[in-house]
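Q: Have a look at this one before I ask anything.
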Amino acid sequence: MIEAKDIRAGYGDGADILTGISLSADRREIVTILGPNGCGKSTLLKTIAGYVRPRAGSITFGGTDVTAVPIHEKVRHHKVGYVPQTDNVFGTLTVAENILLGARQLAKTEKEKRFAALMDQYPALAGKKTRKASALSGGERQILSLARALIAGPEILLLDEPSAGLSPLMMHEVFDAIGAIRDSEGMCILMVEQNAFEALGIADRAYVLSLGQVAMTAKASDLLEDPAMRKLYLGGEVHAE
Amino acid sequence: MFDFFIHVASIACLYGVLALSLNLQAGFTGLVNFGLIALFGCGTYGAALASGMGWHPLLGLPAGIAMAALLGLFYARLGRKLSSDYWGIATLSIAEIIRISITNEQALTGGAQGISGLPLLFAGLKPYDGMARLALYVVVLALVWLFCQRLVKSAFGLSMKLMREEPQLARSLGYDLDRIRRVVMLVSSAIAAFAGFLYAHYLTFVGPDQLVSPETFLIWSMVIIGGVANNRGVIAGAFLMQFAMAYVPFIKDALELPTDFVAAARLIIVGGGLLAFLLWRPKGLFPEKVGGSNGR
Ligand SMILES: Nc1ncnc2c1ncn2[C@@H]1O[C@H](COP(=O)(O)OP(=O)(O)OP(=O)(O)O)[C@@H](O)[C@H]1O
Ligand SMILES: [Mg+2]
């Protein structure tokens, strides 16, 4: 579904942050991107999303070349949903208004149907429909921005640290929700994460980045078992769960 | 005294139109434009052009709006590459470059002397011409206000506010920021030029001194004092500022203060008023009403 080849990218006229990254992700698959702070995970996701235009390389979605397509067109015409790492809600709008922003292209009845379905799915939001989004907690905002991306019915979902700042309980809830989306909708999900163990728990495959390159790629289950990997990238000998 | 009141109210109406224009840009869309006065200048020089070329005076309006549209689109174009603060400085510089070019150019614009002898609107209605003009300005202000209200309450108006609040997030929801910026600049530039055209036919004189950057900051103070992103508020701000400044000389006379006091007091009113509101009432006299967009 997503095919990125030899991507080089950076900001303004600064040096390349990504120095030749190739990556792929399929339908009904969660691919997670791991790596230390500042290694370029968000930049990679933003490049695939269309915020940052690659300086070299190519990106295709389902065989269509989208290398130079900006984010707003990807969202409108290529069934992409993107959830940013920070600043992910409009504080002055209510929860419901925020979510409905994601459904602008849908017909009214379809919009209402999907909104109701999402409210059933995320009771935490349903109870606060008419609240201003600025009054939500960090975790609730994450769920809100996820719901807003989902209401349009994307085929590709790009998530930048969906578990950032969440309590363990909330984190599990969000990850369970993401896993459920893959299974029920058959979506292609690309997810940047810091909580490597948890992310590998639901992911199918993983890429580990280091200094703007893919240092290693493997099946999520293999990566979880590999002691060298644990030591190097996942922080010592700590066990999952 | 009554004539003076009519005069101040007339000017306040035209500044109200300018404040509405700036409010569309800076208030609702977050486009921090410090070069607004150049867009106004397109309107004044559009009027001057028609007069200089011997056209019908009304043709100055489309001429001014066309020039303002081009300049507005140029501003918008710069906004694609520059971050908000740099864009503000760029617009300020461009407005100054335009003013200085006009000052040093003779053939077309009359240079520093400007162009005088434009026809005064409703001159034939003496002695009621002042009131007739004021009535026209009030109608224009009301129509522009109505238009701005409808615009900011539309789906497009919501996209303006989303761009102001979280531009990157707005993009991820399919909003094309370049297009929003273009449309806002086009519409608001035309409004500013309209005010300039009326102003030129009010003073019957057009000159580069009308385009100095403190004028832009005066309009900014009207927007901030009246209430950023509140159309009613910025009109109130325009009237408040114009009347406060116009009545300074009377205070001077009453208190028997020296003549220097007038210029200084006007500066204090703009600067001090701005500061006072930023410190104690940052949302202005009429704060923005937020939300209530039902997610369109
Ligand atoms: N908008 C920007 N302009 C210039 N440089 C940037 C910008 N955003 C990120 N960078 C730089 O790019 C590099 C990679 O940043 P990026 O945000 O992709 O890292 P990350 O892997 O997502 O880190 P984190 O885990 O902290 O989120 C960093 O060195 C950062 O300083
Ligand atoms: Mg990041």
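Q: Compute, for B:TYR86, the solvent-accessible surface of its heavy atoms (probe 1.4 Å) with the complete set of protein chains present, and express it in square angstrom to the nearest 10.
A: Accessible area, nearest 10 Å²: 140 Å².
Q: Which whole-Hz ³J(HN,Hα) couplings does the stretch B:41-54 yield from phi under the Karplus relation 6.51 cos²θ - 1.76 cosθ + 1.60, θ = phi - 60°, glycine and proline marked x?
A: The phi angles translate into x, 4, x, 5, 6, x, 5, 5, 4, 4, 5, x, 7, x Hz.
Q: List every residue whose amide H lies under 5 Å from the amide H of A:LEU209, counting only residues 5 or more places away in sequence or on a different chain, with H placed 1.01 Å from N in the peptide plane.
A: The list, which skips near neighbours in sequence, is A:LEU34, A:GLY35, A:ALA215.
Q: Would you list A:HIS172, B:HIS56 from the most to the least accessible area, probe 1.4 Å?
A: Descending accessible area places them as B:HIS56, A:HIS172.
Q: Give me the percent of Cα-Cα pairs in the stretch A:1-43 that sit more than 11 Å apart, rounded to a whole number.
A: Percentage above 11 Å: 71.
Q: Take every residue in peptide A:87-99, count the Cβ atoms of other chains within 10 Å of its Cβ, and give the average of those counts.
A: 5
Q: A follow-up question, please. What's the percent breakdown of Cα-Cα distances in the stretch B:1-50 across 5 Å bins, shortest bin first?
A: Histogram of Cα-Cα distances, whole percents per bin: 6, 18, 19, 20, 18, 13, 7, 2, 0.
Q: Considering amide H positions built from the backbone, and no H for Pro or chain starts, which residues 5 or more places from A:ALA56, or on another chain, come under 5 Å of its amide H?
A: Hits under the 5 Å cutoff: A:ARG8.
Q: For the pair B:ARG179 and A:SER22, what calculated FRET efficiency results from E = 1/(1 + (r/R0)^6), where r is the Cβ-Cβ distance and R0 = 41 Å, to the nearest 0.05? It would help to have the intermediate numbers written out before the result.
A: Values: r = 33 Å, r/R0 = 0.81.
Working from the Cβ atoms, E equals 0.80.
Q: Could you estimate the translational diffusion coefficient of the stretch B:56-120 from the Stokes-Einstein equation, with Rh from the Kirkwood formula over C-alpha pairs, at 10 °C and 1.306 mPa s, in whole µm²/s?
A: It diffuses with D of about 115 µm²/s by this estimate.
Q: Return the FRET efficiency for the residue pair B:PHE4, A:ALA180: r is the Cβ-Cβ distance, R0 is 60 Å, and the value is rounded to the nearest 0.05.
A: So, using R0 = 60 Å, E works out to roughly 0.25.
Q: Zone of A:GLN194 (label point 7 Å along Cα→Cβ, backbone N under 16 Å): which residues in the stretch A:146-187?
A: The answer is A:160-172, whose backbone nitrogens lie closer than 16 Å to the label point.
Q: Highest GNM mean-square fluctuation, chain B, Cα pairs closer than 10 Å: which of B:PHE28, B:PHE40, B:PHE147?
A: B:PHE147
Q: Identify the residues of the stretch B:198-238 with backbone N under 11 Å of a label point that sits 7 angstrom from the Cα of B:TRP280 along the Cα-to-Cβ direction, or state none.
A: Within reach of a label on B:TRP280: no residues.
Q: Now for a separate question. Using a ≥ b ≥ c from the Cα gyration tensor of the stretch B:178-242 (square roots of the eigenvalues), is it rounded, prolate or oblate, where a/c under 1.5 gives rounded and otherwise the larger of a/b and b/c decides, a/b for prolate?
A: On the way: a/c = 1.84, a/b = 1.14, b/c = 1.62.
In terms of gyration-tensor shape, oblate.
Q: Cα axis of helix A:168-185 to longest principal axis of chain A: angle in degrees, 0 to 90, nearest 10?
A: 90
Q: With a 1.4 Å probe and all protein chains kept in place, how do A:THR86, B:THR91, A:THR67 rank by accessible area, largest first?
A: A:THR86, A:THR67, B:THR91
Q: For A:ASP13 paired with B:THR204, estimate the spin-label separation in nm (one decimal), with each label point 7 Å from Cα along the Cα-to-Cβ line.
A: If labels sit at A:ASP13 and B:THR204, their model points lie 5.4 nm apart.
Q: Another one. To one decimal place, what Kirkwood hydrodynamic radius in Å is obtained for the stretch B:2-209 from all pairs of distinct Cα atoms?
A: Values: mean 1/r = 0.0566 Å⁻¹.
Kirkwood hydrodynamic radius for the stretch B:2-209: 17.7 Å.
Q: Got a number for the accessible area of A:ARG131? Probe 1.4 Å, square angstrom, nearest 10.
A: Solvent-accessible area, nearest 10 Å²: 110 Å².
Q: Using only the Cα atoms of the protein assembly as shown, what do you get for the radius of gyration and for Dmax, in Å?
A: My reading of the Cα-based Rg and Dmax gives 28.4, 95 Å.
Q: While we're here: Mean separation of Cα pairs under 8 Å and 6+ residues apart, divided by the residue count of the stretch B:7-60: what relative contact order is that in percent?
A: Relative contact order, the stretch B:7-60: 19 percent.
Q: Compare A:LYS132, A:LYS79 by solvent-accessible area with a 1.4 Å probe and give them largest first, with all protein chains kept in place. Intermediate results must be reported in sequence, preceding the final value.
A: On the way: A:LYS132 70, A:LYS79 100 Å².
These residues rank, largest area first, as A:LYS79, A:LYS132.
Q: Note down the accessible area of B:VAL183, probe 1.4 Å, to the nearest 10 Å².
A: Around 50 Å² of this residue is reachable by solvent.
Q: Follow-up. Suppose each label sits 7 Å from its Cα in the direction of the beta carbon; what would the A:GLN85-A:ALA215 distance come out to in nanometres?
A: The answer from the label model is 1.6 nm.
Q: Round to the nearest 0.05 the FRET efficiency obtained for A:ALA135 and B:MET53 when R0 = 60 Å and r is the Cβ-Cβ distance.
A: Efficiency, rounded to the nearest 0.05: 0.50.
Q: Can you work out the Karplus-derived ³J(HN,Hα) for every residue in the stretch A:200-213? Use 6.51 cos²θ - 1.76 cosθ + 1.60 with θ = phi - 60°, whole Hz, and x for glycine or proline.
A: These are the phi-based 3J(HN,Hα) values: 5, x, 10, 7, 8, 9, 9, 10, 10, 9, 8, 6, x, 9 Hz.
Q: For chain A, what class follows from the C-alpha gyration tensor (a ≥ b ≥ c being the square roots of its eigenvalues): rounded when a/c is under 1.5, otherwise prolate if a/b is larger than b/c, else oblate? Before the final figure, lay out the partial values.
A: On the way: a/c = 1.76, a/b = 1.28, b/c = 1.37.
Oblate shape, in that a/c is at least 1.5 and b/c is the bigger or equal ratio.
Q: Still on this structure, please answer the following. Return the sequence-ordered ³J(HN,Hα) values of the stretch A:6-21 in whole Hz as given by the Karplus equation 6.51 cos²θ - 1.76 cosθ + 1.60 applied to θ = phi - 60°, using x for Gly and Pro.
A: For the stretch A:6-21, the Karplus curve yields 6, 6, 10, 7, x, 10, x, 10, x, 5, 4, 8, 9, 10, x, 10 Hz.
The values are calculated or read from the model by the stated rules, or taken from the named source; none is laboratory data. Being a predicted model, the structure only gives us computed values, none of them experimental. Cβ atoms come from the backbone with ideal geometry, glycine included; neighbour counts cover every protein chain shown. Note: accessible area is taken over every heavy atom of the protein model, side chains too, but ligands, DNA and RNA are not part of it. Shrake-Rupley method; radii C 1.70, N 1.55, O 1.52, S 1.80 Å.
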